[in-house]
Amino acid sequence: MGFVLKDTRTAVEAYLAALNAHDADAVAACVAEDFVNEHTSSMGQSRRGRAEYRAALTGFLENFKDLHYAPESFLVDGGSAAVPYVLTFLMRSADDRPVRVRGVFVFTVAGGLITRRTDYWDSAEVQRQLV
């Protein structure tokens, strides 16, 4: 069981580090071919498959300048992990207005790769900060 816990946390940490480095290729390398990226927020857009996800990353990373996910904790149970986070960024389409929002990622990891990411965050809070 200890190996799986380490493997899951390591995969999630590598993924978050790649996002924070704004490295779309490294982010895509952390996910499985059949990766599912589910957004529960009305502003988020879900994606299926590594190729579709990778294609969207460049625009995402360009629009959210200085994007940074700060994990508050890692709750790991086998191949699953929940990571509450604080996300900060400057919104390019809103004259680099700063945004700070809290959310939770829920990950599923298999074979050292992320197979699913479900993202829970409040899009109304983002909109409030951009008004």
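Annotations for the structure displayed:
- For the chain, relative contact order (Cα pairs under 8 Å, six or more residues apart, normalised by length) works out to 26 percent.
- Largest-first principal axis extents of the Cα set of segment 55-131 (Å): 42, 26, 17
- Per residue value of the accessible surface for segment 27-131 (all protein chains in place, 1.4 Å probe), Å²: 51 Å²
- Cut-off under 5 Å, modelled amide H: who pairs with Gly49 long-range: Phe35, Val36, Asn37
- Furthest towards positive pole of dipole, Val101, Leu57, Leu75, structure part the chain, Cβ charges: Val101
- Residue-wise HN-Hα coupling along segment 20-35, computed from phi with Karplus coefficients 6.51, -1.76, 1.60 (Hz; x: Gly, Pro): 5, 8, 6, 10, 4, 5, 5, 4, 4, 5, 7, 10, 6, 3, 9, 3
- For the pair Arg48 and Arg128, label points projected 7 Å from Cα toward Cβ lie 3.4 nm apart.
- The chain, helix-only ellipticity at 222 nm - DSSP H runs n ≥ 4, -39,500 (n - 2.57), divided by all residues, nearest 500: -11000 deg cm²/dmol
- Size of charge dipole - the chain - debye, nearest 20, with Cβ of Lys, Arg +1 and Asp, Glu -1, no other charges: 120 debye
- Hydrodynamic radius by Kirkwood, which averages 1/r over all alpha carbon pairs of the chain, in angstrom: 14.9 Å
- A simple spin-label model places pseudo-atoms 7 Å from Cα toward Cβ; at Ala70 and Leu90 they are separated by 1.7 nm.
- Length available on full extension from Glu62 to Asn20: 0.36 nm per residue minus the Cα-Cα distance, which gives 13.9 nm.
- Calculated FRET efficiency for the pair Ala55/Arg100, C-beta based, R₀ 25 Å, to 0.05: 0.35
- Distance from the Cα centroid of segment 23-71 to that of segment 84-110 is 12 Å (rounded to whole angstrom).
- When a 1.4 Å probe is rolled over the protein heavy atoms, the share of accessible surface on the chain that falls to carbon and sulfur comes to 54 percent.
- Taking a point 7 Å from the Cα of Tyr120 along the Cα-to-Cβ direction, the residues of segment 31-59 with backbone N closer than 20 Å to it are 36-47.
The values are calculated or read from the model by the stated rules, or taken from the named source; none is laboratory data. Model, not experiment: these values are computed from the prediction. Because the Cβ atoms are built from the backbone with ideal geometry, glycine has one as well, and the counts that use them run over all protein chains shown. Areas reflect the complete protein model, heavy atoms only, side chains present, ligands, DNA and RNA absent. Shrake-Rupley method; radii C 1.70, N 1.55, O 1.52, S 1.80 Å.
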